[in-house]
Structures are given as C-alpha cells and as structure tokens.
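Structure, as structure tokens:
The values are calculated or read from the model by the stated rules, or taken from the named source; none is laboratory data. Being a predicted model, the structure only gives us computed values, none of them experimental. With ideal geometry, Cβ positions are generated from the backbone for all residues, glycine too; neighbour counts draw on all protein chains shown. Side chains are part of the model used for accessible areas, which takes the heavy atoms of the whole protein and leaves out ligands, DNA and RNA. Shrake-Rupley method; radii C 1.70, N 1.55, O 1.52, S 1.80 Å.
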Amino acid sequence: MFTDYTGKRQQMVRQQLIERGIHDSRVIEAFRKVPRHLFLDEALWPQAYDDHPLPIGEKQTISQPYIVALMTEALQLTGKERILEVGTGSGYQAAILAELADEVYSIERIPPLAKRARKVLDSLKYANIIIRIGDGTNGLKEFSPYDGIVTTAAAPDAPDPLLQQLGVGGKLIIPIGDEYTQDLKMYVKEAEDTYREESLGGCRFVKLIGEHGWK
Ligand code: SAM
C-alpha cells in the first residue's frame with residue numbers, strides 16, 4: 001500500500017528541527033525533501049519521522065533527525081563543497097549532504113549496509129554520492145582534501161587521517177567519548193596542523209570501529 005509521509009515529514013521538520021534551533025534554510029529544505037522512511041525497512045516506516053534513532057540491521061542505527069541536522073548545519077554548506085561522510089549506514093545523511101554540497105563521498109565498513117544504501121540512493125537518483133567499503137578511520141585519501149568530514153559513529157579521539165584530509169578552512173564533525181556518552185565536537189582546520197575545537201553538545205552514537213577508532 002502506498003503511504004504518503006509528507007505530512008509527518010513536515011511536522012518532524014517543524015517540531016524537531018526548527019523549534020530546537022536549526023535555522024539554515026537550505027538544511028531545512030533538504031529535510032523537507034528527503035524521504036527518510038525509504039532508508040528503513042518497510043515495517044519501520046510509520047516510525048521513520050519520530051524523534052529517535054532506529055535500527056537498520058547489523059546492530060547499527062539511522063541517527064535521530066535532529067542530530068543529523070545539527071551535524072549538517074555545522075558544516076555551513078553553500079553547494080560547492082566536497083564532503084566525506086564516515087559511516088554510510090542507511091544512506092540517509094549522505095542524501096541530505098548531497099542536497100547541500102557538490103560532491104559526497106561516504107565510507108562504510110559493513111558491506112551489506114553499503115550495498116543497501118547504494119540501492120536506495122540510486123532509486124532516488126542521487127548521482128553525486130560515491131560510496132566505498134572500508135575502514136573510514138583512515139579517511140578516503142584518494143578524493144581529499146575535503147571541505148567537511150562528518151563522522152557518524154563515536155571515536156575515543158579525532159582520527160589523525162581525518163584531520164589531515166581536511167583542506168584549510170575545512171571542518172571535521174565527530175562524536176568523541178566512551179561507549180555510553182559523547183561530546184559532539186567540531187575541529188576547524190585554521191592552517192596546516194592548526195585546529196580550533198568547539199563542542200556542539202552531548203550525544204550518543206554507535207562505536208567507530210577501526211585502526212584509528214575503537215578496536
Ligand atoms: N549516517 C548513517 C545514516 O544516515 O544512516 C548513520 C550511521 S550509523 C549511526 C554509524 C555507521 O558507522 C554504521 O553503519 C557503522 O557500521 C559505521 N562505521 C563504524 N565504524 C566505521 C568505520 N571505521 N568506517 C566506516 N564506517 C564505520
């Protein structure tokens with residue numbers, strides 16, 4: 001049965017994003033447009049616009065809409081950027097980023113998730129997203145430097161390769177902390193080897209597993 005989730009999506013944008021302070025009109029427009037439910041199993045569609053993360057299989061999650069918006073808004077995208085996402089998961093945040101930046105590269109360590117995300121993104125005709133399978137704690141040097149890197153899993157520290165693969169002026173958004181509680185951090189590369197660090201608030205993500213993350 002075809003169900004139109006447009007109403008639920010507009011309500012999510014109003015109540016969960018705008019009323020909590022998300023104000024970048026391009027970000028708001030992207031969330032109004034991208035059909036979040038299609039990135040989930042059909043049984044979860046009725047919950048797709050609720051205010052929490054949801055399971056996507058392989059013990060992983062699609063993040064809460066507000067957190068995706070907060071991370072995306074922090075990048076201050078204008079449409080010209082090259083962005084790396086570490087942790088493709090369902091592909092939803094990659095789609096949001098693709099609405100707002102020029103090129104999106106996304107890396108996922110679990111092959112079935114990467115394949116499923118590719119399928120959904122192809123069905124929605126996103127041609128500016130490249131997905132790779134691998135350990136994203138090493139970044140994706142081949143397409144660097146990036147104007148922004150968003151890491152959608154939590155690390156003990158900011159992985160060095162990610163900091164190095166930022167261009168000057170670029171931003172790394174990453175949850176830092178232990179398994180249970182983390183701080184969403186932004187590192188702005190002000191010059192080669194000079195970074196300004198800001199905190200965007202508390203959060204809770206799954207672990208970033210890899211050479212420069214959790215073992
Ligand atoms: N951005 C995703 C979305 O929109 O659905 C949510 C991602 S989920 C919270 C975190 C993802 O990071 C999981 O799919 C997990 O497999 C992936 N991940 C964890 N460690 C990774 C690593 N070293 N490299 C790439 N992906 C990793």
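Computed values, structure above
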item: Pair list, Cβ < 9 Å and 6+ apart or interchain, from the stretch 109-131 residues that are without any contact (Cβ under 8 Å) to a residue 24 or more places away in the chain to residues that are assigned to a loop (DSSP other than H, G, I, E, B); result: Lys119/Gly91
item: Yes/no for Ala98 being among the small types (Gly, Ala, Ser), more than 9 Å from the ligand (Cβ to nearest atom), open to solvent by less than 20 Å² (accessible area, probe 1.4 Å) and in contact (Cβ under 8 Å) with a residue 60 or more places away in the chain; result: no
item: Residue selected from the stretch 122-139 under the condition open to solvent by less than 20 Å² (accessible area, probe 1.4 Å) and within 11 Å of the ligand (Cβ to nearest atom), by the criterion nearest to Phe39 (Cα to Cα); result: Gly136
item: Looking only at the stretch 183-215, and only at residues there that are of a type in the set (Phe, Trp, Tyr) and either touching a helix residue (DSSP H, G or I) at 6+ places or on another chain (Cβ under 7 Å) or part of a strand (DSSP E or B) (or both), the one that is surrounded by the most Cβ atoms within 10 Å (Cβ to Cβ); result: Tyr187
item: Residues within the stretch 41-57 that are in contact (Cβ under 8 Å) with a residue 12 or more places away in the chain and in a strand (DSSP E or B), tallied; result: 3
item: Single condition Leu162 does not satisfy, out of (1) within 12 Å of the ligand (Cβ to nearest atom); (2) assigned to a strand (DSSP E or B); result: (2)
item: Search result, residues across the stretch 165-182 that are open to solvent by 30 Å² or more (accessible area, probe 1.4 Å) and within 16 Å of the ligand (Cβ to nearest atom); result: Asp178, Glu179, Tyr180, Thr181
